[in-house]
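As C-alpha cells, the structure follows; a few thoughts come after it.
Only the coordinates and a few stated rules stand behind these numbers; no lab work does. All of these numbers come straight from a predicted model, not from anything done at the bench. Don't worry about glycine lacking a Cβ; one is built from the backbone with ideal geometry, like all the others, and counts go over all protein chains shown.
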Amino acid sequence: MDAITQAKLFAIVCETIIGHADELTTLDQAIGDGDHGINMKRGFEAVAADPTVASKPLPDALKAAGMALVMKVGGASGPLYGTLLMTLGKEIGPDPGVDDAVRALGAAIDAVKARGKSEPGQKTMLDVLVPVHAALAADPGADVARVARDAAEATVPMKAIRGRASFLGDRSIGHMDPGARSACLMVEAVASVVRG
Ligand code: ADP
Ligand code: MG
C-alpha cells in the first residue's frame, strides 16, 4: 500500500466512526450504558489528530493507533479494539498481500477473544470480525462490506453473553450490538479504500 492510500485508509476509518458516533451511542443506550459512540469518537479523534500515526510504516501505524484506542476509548471496547489493532500491527508485514493480511487478522481476532474471554455467538464485535475473516479466508475477493452488514444485523436476535448487555439477559434480544455495528463500520471503511 502506498503512503497516500494508507493515509486515506486511516482518515476514512476515523471519519466513519466519528460520523456515526450518535448512532453507536443510540445502540448502546438500548442495551448498554450509552457511551459507545462517545468512547469511539474520542479514540478515533485522537488517532486522526496525530498525523504521525498514519504516516508510519503500516505495522507501526497500526500499533500506534491501537495504543491510542487503549488510552482514549475506555470502556470494554477500548482495550478490545486496541488489542485488535496492536496485534494486527505486530503480525502484518509492511506491504502485505491478501494472504498475509488475512493471517494477521486471524491472529488479531484470536487476541481479542483471549482478552475478552469471548467467542462468536455472544453478541459482540466478534460476531462481525469472525465472519468477515472467514469470508476473506475462503475468498480473498469476498464482498466483506456486505458480510459485515449482514453479520451486524444477525446480532439483533442474539442474546448477549458478554459485556454490559449480558446484564439484561433476554432483554438484550431485539437490538443490534453496538460493537458489532462499530466493527461493521470499520470493515466498510477499510473495504471502500482497499477495494476502491
Ligand atoms: P462498555 O460496555 O464498557 O460501556 P462500550 O460501550 O464502549 O463499553 O463497548 C461495548 C461493546 O464492546 C459491546 O457492544 C461489545 O460489542 C463489545 N464487548 C464488550 N465485552 C466484550 C467481550 N468480552 N468480548 C468482545 N467484545 C465485547
Ligand atoms: Mg457502553
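Values for this structure:
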{"quantity": "ALA138 paired with ILE12, simple spin-label distance in nm, labels 7 Å along Cα-to-beta-carbon", "calculated": "2.5"}
{"quantity": "Residues of the stretch 1-44 with amide N under 11 Å of the 7 Å Cα→Cβ point at ASP100", "calculated": "1"}
{"quantity": "Zone of ASP22's modelled label, taken as backbone nitrogen in the stretch 172-196 under 18 Å from a point 7 Å along Cα→Cβ", "calculated": "182"}
{"quantity": "Angle between the chain longest axis and helix 21-31 axis [Cα atoms, degrees, rounded to 10]", "calculated": "30"}
{"quantity": "Degrees between helix 77-91 axis and first principal axis of the chain (Cα, 0 to 90, nearest 10)", "calculated": "30"}
{"quantity": "Stretchable slack from ARG146 to MET1, in nm (0.36 nm times residue separation minus alpha-carbon distance)", "calculated": "49.9 nm"}
{"quantity": "Rounded to the nearest 20 debye, dipole of the chain from Cβ charges on Lys, Arg, Asp, Glu", "calculated": "460"}
{"quantity": "Residue-by-residue Karplus 3J(HN,Hα) for the stretch 43-57, coefficients 6.51, -1.76, 1.60, Hz, glycine and proline x", "calculated": "x, 6, 5, 5, 5, 5, 6, 10, x, 6, 5, 6, 8, 6, x"}
{"quantity": "Residues ASP127, ASP60 arranged by fewest to most Cβ contacts within 10 Å", "calculated": "ASP60, ASP127"}
{"quantity": "Among LEU24, LEU84, LEU136: highest mean-square fluctuation, GNM of the chain, C-alpha pairs under 10 Å", "calculated": "LEU136"}
